[in-house]
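Accompanying notes for the structure given below.
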Amino acid sequence: MKKHVVLLFAFLLSFGLIFGMNPAPVQAKTTFVTIGTGGITGVYYPTGGAIAKMVNKKRKEYGIRATVESTGGSVFNVNAIMAGDLEFGVVQSDRQYQAIHGLAEWEEKGVQEDLRAVFSIHPESVTLVASVDSGIKDIKDLKGKRVNIGNPGSGQRQNSIDALEAVGLNYENDLQAEGVKAAEAPGLLQDGRLDAFFYTVGHPSGAFKEATAGATKVRFVPIGGPGIDALIKAKPYYAKSIIPIELYPGAENDGDVDTFGVKATFVTSAKVPDEVVYALTKEVFDNFEEFKKLHPAYQVLTKEGMLDGLSAPIHEGAMKYYKEAGLKK
Ligand code: GLU
């Protein structure tokens, strides 16, 4: 008899019928969102993790559960978001620009109308590293060498092609261009199976720590000169940048390395509900100091700067937050 009473009580409790109220304030449902990032030795992967961490803390309040996926990079992320396979992604600012204008990889597919910007994040440098034995000291020295320019789907692939073209090198004819993922390149360089590789990434990154920490001596190769200056002038999304050499004590360089770069940005689709984008944006910006501590590449971030470098329209949910916070009118 007693057992039956307990069972009835449990039954009623589970429907929230006892005392005419819910036993606990439970969200009606959980919304699962996935953030597309890059290789695990890049900065996108921990960035997706940092953003997910901020919003997941308030899981009970928002009913949102964010998870992170390692992917092939920027171009893959844009396409997966547009296909509805991912809700969010980290994407290079140049790739965001190209997707919203129907350029580069999107020339045939056309303008990606549903692409929406949320905020920008850390700066990324087009980074070239080579083994000392290869003798490569200038980007022009890549002629005839085995060079990883980036996997299809990555952001860096087009940056490598642009940089090579700017100094008069055709990646198909003038060098042995490889298209492996960034996570594999440091190992291949250390094994002597690559002479050099490009990676557009924030610093410090696991990939360059790995590339500079092995038995094969390597150096960062500066990317500059009149051709590169003209490239930066011609493309609205490129700007000069510097790789602080103190971040990589194993590299055979004497000083900081000059190159050019872009910004990492956080994007979504117009189809993702406003309240979801609002919640993610709010948690990152309301807890900004805490967010900044999650990766050394975020040191330079400011709230205002995180609204620069966006070329797609800002998602309505993010805009709602920026207006409330006085960051946008
Ligand atoms: N910039 C690279 C890309 O778009 C990814 C860099 C990273 O994972 O940090 O593919």
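The values are calculated or read from the model by the stated rules, or taken from the named source; none is laboratory data. This is a predicted model, so every value here is computed, not measured. Cβ sites come from the backbone with ideal geometry, for glycine too, and all protein chains shown count toward neighbours. In case anyone asks, the SASA skips ligands and DNA or RNA and just uses the protein heavy atoms, side chains included. Shrake-Rupley method; radii C 1.70, N 1.55, O 1.52, S 1.80 Å.
Which semi-axis lengths, in whole Å and largest first, follow from the square roots of five times the eigenvalues of the Cα gyration tensor of the stretch 192-302?
32, 20, 14
Exposed loop GluC sites (Glu not before Pro) only (DSSP loop, at most 16 other Cβ atoms within 10 Å): please give the longest stretch of the chain free of them, not including the sites.
1-106
Near Arg193, within a Cβ-to-Cβ distance under 15 Å, what is the net charge of the other residues, with Lys and Arg +1 and Asp and Glu -1?
Local charge sum for Arg193: -3.
Within the set of other residues whose C-beta is less than 13 Å from the C-beta of Leu175, count the net charge using Lys and Arg as +1 and Asp and Glu as -1.
Net of charged neighbours comes to -2.
What is the local net charge at Gly305, summed over the other residues whose Cβ is closer than 13 Å to its Cβ (Lys, Arg +1; Asp, Glu -1)?
Around Gly305, the charge tally is +1.
Quick one: give the max-minus-min coordinate of the C-alpha atoms of the stretch 35-140 along each principal axis, largest first, in Å.
For the stretch 35-140, the Cα extents along the three principal axes come out at 57, 34, 20 Å.
Give me the percent relative contact order of the chain, please, defined on Cα pairs under 8 angstrom at least 6 residues apart.
Reported relative contact order: 22 percent.
By how many nm would the segment from Arg193 to Glu289 grow when fully extended, if each residue of separation counts as 0.36 nm and the alpha-carbon distance is taken off?
Taking 0.36 nm per residue and subtracting the Cα distance, the gain is 30.3 nm.
Ratio of Rg to Rh for the chain, alpha carbon only, Kirkwood?
Checking Rg against Rh, the ratio lands at 1.09.
Using a simple charge model, +1 on the beta-carbon of Lys and Arg, -1 on the beta-carbon of Asp and Glu, nothing else, what dipole does the chain show about its Cα centre, in debye to the nearest 20?
1420 debye
Let a ≥ b ≥ c be the square roots of the eigenvalues of the Cα gyration tensor of the stretch 278-323; is it rounded (a/c under 1.5), or, if not, prolate (a/b larger than b/c) or oblate?
Oblate, since a/c reaches 1.5 and b/c is not below a/b.
Counting only protein heavy atoms and using a 1.4 Å probe, what share of the accessible area of the chain belongs to carbon plus sulfur, as a whole percent?
That share works out to 53 percent.
What does the accessible area per residue of the chain come to in Å², with a 1.4 Å probe and no ligands, DNA or RNA counted?
Ligands and nucleic acids excluded, the result is 47 Å² per residue.
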